[in-house]
Each structure stands twice: as structure tokens, then as C-alpha cells.
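None of the figures in this text is laboratory data; all of them are computed from the coordinates on show. The model shown is predicted, which means the values in this text are computed figures rather than measured ones. Backbone-built Cβ (ideal geometry, glycine too); neighbour counts: all protein chains shown.
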Amino acid sequence: MKVEDFLEAIKIISKKHSTKLEINHVEPNGQVSKFLESPTISITDCCASVINELKDAGYSLSMKDGKTILNRY
């Protein structure tokens, strides 16, 4: 995800104060993300309106290990 996309996603997510997320989560092996130059956002808890707003803004969402992984291609 490009930095501009990352900042736009944070702007959308921050509208709802109950959202819980991880930014650049560090894996047990010490790896930050598959693409170190690309910031990552994983949503662990949020209301449905956050998901809808992210989808409407063109983000793709996928599930992995109980988290919603946010990306934009």
C-alpha cells in the first residue's frame, strides 16, 4: 500500500473511536511485513460502517488469523 493510501485509510478508520488495529505487526520470526517498504494495517475489531467506508473508498479486505487485512492495489 502506498503511503497516501495508508494515510487515507487511517483517516477513514479514525472516525470511529472503537476501532482496534495493528500497524506493521511484527511476526514471531521478527518479520514486519512481506514488503518492508509498504505499511500494513490489520483491523482486529471495528463496526460495520468502517468496513463499508473502506470498501467504498476502493480498499480490498481479506481475513487472516482472525484479522481483517487492509490493502489497496
> How many nm separate the modelled label positions at Ser60 and Thr19, each set 7 Å beyond the Cα in the direction of the Cβ?
Replying inline: 2.0
> Can you list the aspartates and glutamates whose alpha carbon is less than 19 Å from that of Lys20, not counting same-chain residues fewer than 8 positions off?
Replying inline: Asp5, Glu8, Asp45, Glu53, Asp65
